[in-house]
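What follows is a short report on a single structure.
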């Protein structure tokens, strides 16, 4: 995998303090490479100050992928106004259709997973939210209490069965985790901690969770680690997971990182431990980004 250098941090420049920019585009749209038309779906129009690295990282791509898609041999030759493709096209100039998020509870099914990682017997129909695994209940009585607390008696000539070993899924999936399938990704909450600050689109581009030093942080969906290391100012120790061509999830202020760049991760896998790096209190700052831009995580995550 191509090593991700410092320009990756510009992916988060919308909400972090500014960093020293890489060599940027300064030429005017009069260049033959520039275009007078506006960028359409799946395209990006180069602006003053842009770099190939910044554009690629903001849209969940590597610089090599972006350069190859647009036949760019020299990254320094980007022109202001130039139209870049962000995904392969079919025939002609038809762009791949954009993925539309479906609000949880309106369309798309919500499924649950039990604590041992096995899927629930059935998927709840659209519009139905399931918050926890199903469990049997019975009214309290002295008879029931005696029966439930009596030691198990093995059958004659049979040795007691050994307790099953915990599965890997049981060690990674947070307790009572429900999931929601939105925009081609199955999502779950990255932590069961209390929400400290919600997304508002201006001062907070994600969700802040309060917690204790070392609390587990889980992957919100299947994907591959795009970045794991010290992020730009204001993010501390940072993990970024790429879920598909459009969607990334961001986990900031960790005390310890448990994954590496390029590593495949599964929904619910423990990827880091909560901390206070880059901030003044222990918390997890969580974002979901579509084509590099922060969006409200609420419609992607299952209802609590």
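The values are calculated or read from the model by the stated rules, or taken from the named source; none is laboratory data. Please read all numbers here as calculations on a predicted model, not as lab measurements. No Cβ is skipped: glycine too gets one built from the backbone with ideal geometry, and neighbour counts run over all protein chains shown.
Structural remarks
- Hey, residue 262 free of Cβ contacts under 8 Å to residues at least 40 places away in the same chain and in a loop (DSSP other than H, G, I, E, B) or not: no
- Answer residue from the range 180-195, given it is in a strand (DSSP E or B) and touching a strand residue (DSSP E or B) at 6+ places or on another chain (Cβ under 7 Å) and is nearest to residue 273 (Cα to Cα) among those: 195
Listed here are the residues, each with its yes/no results for (1) exposed (fewer than 14 other Cβ atoms within 10 Å of the Cβ); (2) modelled with pLDDT of 85 or more; (3) touching a helix residue (DSSP H, G or I) at 6+ places or on another chain (Cβ under 8 Å).
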| position | (1), (2), (3) |
| --- | --- |
| 53 | no, no, yes |
| 57 | no, no, yes |
| 63 | no, no, yes |
| 67 | no, yes, yes |
| 90 | yes, no, no |
| 97 | yes, no, no |
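- Residue list for the range 225-262, restricted to those being surrounded by fewer than 23 Cβ atoms within 10 Å (Cβ to Cβ) and in contact with a helix residue (DSSP H, G or I) (Cβ under 7 Å, 6 or more places away or on another chain): 227, 232
- From the options 242, 256, residue that is free of Cβ contacts under 8 Å to residues at least 60 places away in the same chain and touching a strand residue (DSSP E or B) at 6+ places or on another chain (Cβ under 7 Å): 256
- Within the range 260-297, being more than 18 Å from residue 57 (Cα to Cα) and either more than 14 Å from the chain's Cα centre (by Cα) or modelled with pLDDT under 95 (or both) holds for 273, 274, 275, 276, 277, 278, 279, 280, 281, 282, 283.
- Checklist (1) at pLDDT below 95; (2) farther than 21 Å from residue 197 by Cα applied to residue 256, failing item: (1)
- Total residues in the range 274-297, condition closer than 30 Å to residue 44 by Cβ and part of a loop (DSSP other than H, G, I, E, B): 5
- Taken together, the residues in the range 204-253 that are within 22 Å of residue 194 (Cα to Cα) and assigned to a strand (DSSP E or B) amount to 16.
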